[in-house]
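To start, the structure under review is shown below, and the notes come after it.
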Amino acid sequence: MVASAPGKAILIGEHAVVYGQPALIAAVGLRLTTRLTPASEDSSSTVELHARELGGRVTTDWPEIVDYATQARRRWEHYTRTPGAAGFAEVRGDDPAHLVKVALGEAARFLDEPGGPPLQLHLYSDLPIGAGFGSSAAVAVTVLAAYLTARGRRPSTRDLEALALETERRQHGMPSGVDGAAVIHGGVVWAEREGPGEPLSITPLDLTSPHLSRFRIFDTGTPAQTTGEVVAAVRGRVEADHGTFDPILERMGATARAFRRELAGDRDDPESLMDLIRTYQADLEALGVVPPAVRELIRRVEAAGGVAKISGAGALASPEGGDRPGAGSLLVYQPEPHRLDDLPFLEPFPHYAVPLGAQGYRVETPS
Ligand code: MEV
């Protein structure tokens, strides 16, 4: 059984979406693949996990996986009662196979089974890992979809969204669910909550705007903090000072709505779109998720006639001694995108001219 999923780029709405504001997210044409095959070992409960990102090969078994996922769920429930950076670090732990074990354990729970058959799981990724490209959502979705389909219970979209969100909670604490939604649906989606406490409502958009071909994605390097840590730090700031942050979050929501109108409408007005990106980026800076070196890079893009914003969680600070400023993916817009090719200060950063609006997750059953 093989499942693959695209990565994601948040066009606009990150962070504010955690507080009920809308977001616009595109699936990007770099994919992550999970392949499941029967295990080579003879033991009835062996599970072999293979992935460069897991440090090579990890051998475990179903009792360990189910116990791991149950303990992670308990730690997460405790964390939601007293959210704080230390509690979050405990939820995530430091097991490189954390996300895969949680996804398999949640799948077994969904099936109401105490374990599963012996298997080998291989992960391959074209996506940069842990850098705002949605790799953890893609891992969660592909592992869940491949395993459940292999067990004869291909999940509905709604079940897959719920299971992916549950899995992502052990990775990111209290995520909004937009990453999983983008990876599952593909294309470009609008995510909005109908009201406080309501689940995200996802609307696939059929956009043909010329703006979409003017975006480029650069990788500014893996952030020193995980998405969960950045989201937890923002939560701490917002809760400590509603007076400062509530109007910022409101404006971020209004900017996202105006951005959607620009992309959905007939007019092609790069200046208006650029204004909205600058406004949103300024608010991300006010939330404290754009380290100084990344702000400087964005100012240089602006001086060269473009605009840029972080896409994803960003970072609280650049990695110490790192060769890149480390805020994950950077979305750059330039009315004449070929002009970005000649900017020497962008040269150190891997650059993805990938199509926005790629196909969502896919399961292929070997014939
Ligand atoms: C991460 O890709 C996007 C954030 O808004 C977190 C979330 O929505 O869960 C920063």
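Listed conditions (1) modelled with pLDDT of 95 or more; (2) surrounded by 20 or more Cβ atoms within 10 Å (Cβ to Cβ) are all met by residue 302, apart from (2).
Restricting attention to the stretch 222-261, which residues are among the acidic types (Asp, Glu) and either in contact (Cβ under 8 Å) with a residue 60 or more places away in the chain or within 19 Å of residue 309 (Cβ to Cβ) (or both)? First the steps, then the outcome.
Within the stretch 222-261, the subset among the acidic types (Asp, Glu) is 229, 239, 241, 246, 250.
Across the stretch 222-261, the qualifying residues are 229, 250.
Annotation note: of 77, 53, the sole residue that is more than 16 Å from the ligand (Cβ to nearest atom), outside any loop (DSSP other than H, G, I, E, B), touching a residue at least 24 places away in the same chain (Cβ under 8 Å) and charged (D, E, K, R) is 53.
Here is a yes/no grid of residues against (1) within 21 Å of residue 140 (Cβ to Cβ); (2) surrounded by fewer than 20 Cβ atoms within 10 Å (Cβ to Cβ):
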| site | (1), (2) |
| --- | --- |
| 185 | yes, no |
| 188 | yes, no |
| 193 | yes, yes |
| 196 | no, yes |
| 199 | yes, yes |
| 204 | yes, yes |
| 217 | no, no |
| 220 | no, no |
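Out of the stretch 137-171, which residues are within 16 Å of the ligand (Cβ to nearest atom) and β-branched (Val, Ile, Thr)? If the condition is that a residue be within 16 Å of the ligand (Cβ to nearest atom) and β-branched (Val, Ile, Thr), then 139, 141, 167 are the ones that fit. Does the stretch 25-33 contain any residue that is among the small types (Gly, Ala, Ser), under 22 Å from residue 160 (Cβ atoms), modelled with pLDDT of 95 or more and assigned to a loop (DSSP other than H, G, I, E, B)? No, every residue in the stretch 25-33 fails to be among the small types (Gly, Ala, Ser), under 22 Å from residue 160 (Cβ atoms), modelled with pLDDT of 95 or more and assigned to a loop (DSSP other than H, G, I, E, B). Within the stretch 172-220, the residues that satisfy the criterion of being away from the ligand (no atom under 16 Å from the Cβ), under 19 Å from residue 309 (Cα atoms), under 20 Å from the mean Cα position of the chain (by Cα) and not aromatic (Phe, Trp, Tyr) are 212, 216. Among residues of the stretch 120-134 being closer than 21 Å to residue 105 by Cα and open to solvent by 10 Å² or more (accessible area, probe 1.4 Å), the one that is nearest to the ligand (Cβ to nearest atom) is 123.
Residue check: residue 265 meets all listed conditions (1) at pLDDT below 95; (2) open to solvent by 70 Å² or more (accessible area, probe 1.4 Å); (3) over 24 Å from the mean Cα position of the chain (by Cα); (4) not basic (Lys, Arg) but one, namely (2).
Does residue 11 qualify as being within 16 Å of the ligand (Cβ to nearest atom) and surrounded by fewer than 24 Cβ atoms within 10 Å (Cβ to Cβ)?
On the way: within 16 Å of the ligand (Cβ to nearest atom): yes; surrounded by fewer than 24 Cβ atoms within 10 Å (Cβ to Cβ): no.
Answer is no for this residue.
Within the stretch 250-300, how many residues are more than 28 Å from residue 325 (Cβ to Cβ) and not hydrophobic (A, V, I, L, M, F, W, C)? Summing the residues that are more than 28 Å from residue 325 (Cβ to Cβ) and not hydrophobic (A, V, I, L, M, F, W, C) in the stretch 250-300 gives 11. Within the stretch 305-335, work out how many residues are out of contact with any Leu (no Cβ under 9 Å at 6 or more places or on another chain), open to solvent by less than 10 Å² (accessible area, probe 1.4 Å) and either over 19 Å from residue 283 (Cβ atoms) or among the β-branched types (Val, Ile, Thr) (or both). Final tally of qualifying residues: 1.
Quick check: is even one residue across the stretch 143-153 open to solvent by 10 Å² or more (accessible area, probe 1.4 Å), over 23 Å from residue 232 (Cβ atoms) and of a type in the set (D, E, K, R)? Yes - at least one qualifying residue is present in the stretch 143-153.
Hey, does the stretch 324-332 have a residue that's over 19 Å from residue 215 (Cβ atoms), more than 16 Å from the ligand (Cβ to nearest atom) and within 25 Å of the chain's Cα centre (by Cα)? Before the answer, list the steps.
Filtering the stretch 324-332 down to residues over 19 Å from residue 215 (Cβ atoms) leaves 324-326.
If we keep only those that are more than 16 Å from the ligand (Cβ to nearest atom) too, we end up with 324-325.
When the remaining residues are screened for being within 25 Å of the chain's Cα centre (by Cα), the result is 324-325.
Yes; the residues of the stretch 324-332 include at least one that is over 19 Å from residue 215 (Cβ atoms), more than 16 Å from the ligand (Cβ to nearest atom) and within 25 Å of the chain's Cα centre (by Cα).
Examine the stretch 30-44 for a residue that is under 26 Å from residue 131 (Cβ atoms) and open to solvent by less than 10 Å² (accessible area, probe 1.4 Å), and state whether such a residue exists. Yes: the stretch 30-44 contains one or more residues that are under 26 Å from residue 131 (Cβ atoms) and open to solvent by less than 10 Å² (accessible area, probe 1.4 Å). When residue 139 is tested against the conditions (1) open to solvent by 40 Å² or more (accessible area, probe 1.4 Å); (2) under 25 Å from residue 352 (Cβ atoms); (3) at pLDDT 95 or above, the lone failure is (1).
When you check residue 18 against the structure, is it within 15 Å of the ligand (Cβ to nearest atom) and either at pLDDT below 95 or within 17 Å of residue 232 (Cβ to Cβ) (or both), yes or no? For residue 18, the condition - within 15 Å of the ligand (Cβ to nearest atom) and either at pLDDT below 95 or within 17 Å of residue 232 (Cβ to Cβ) (or both) - is met. Going through 276, 263, 284 one at a time, which residue ends up being touching a Lys or Arg at 6+ places or on another chain (Cβ under 7 Å), outside any strand (DSSP E or B) and either under 22 Å from residue 24 (Cα atoms) or away from the ligand (no atom under 16 Å from the Cβ) (or both)? The unique qualifying residue is 284.
The values are calculated or read from the model by the stated rules, or taken from the named source; none is laboratory data. Keep in mind it's a predicted model, so treat the numbers as computed, not measured. Cβ: placed from backbone, ideal geometry, glycine included. Neighbour counts: every protein chain shown. Side chains included, ligands, DNA and RNA excluded: accessible areas come from the protein's heavy atoms. Shrake-Rupley method; radii C 1.70, N 1.55, O 1.52, S 1.80 Å.
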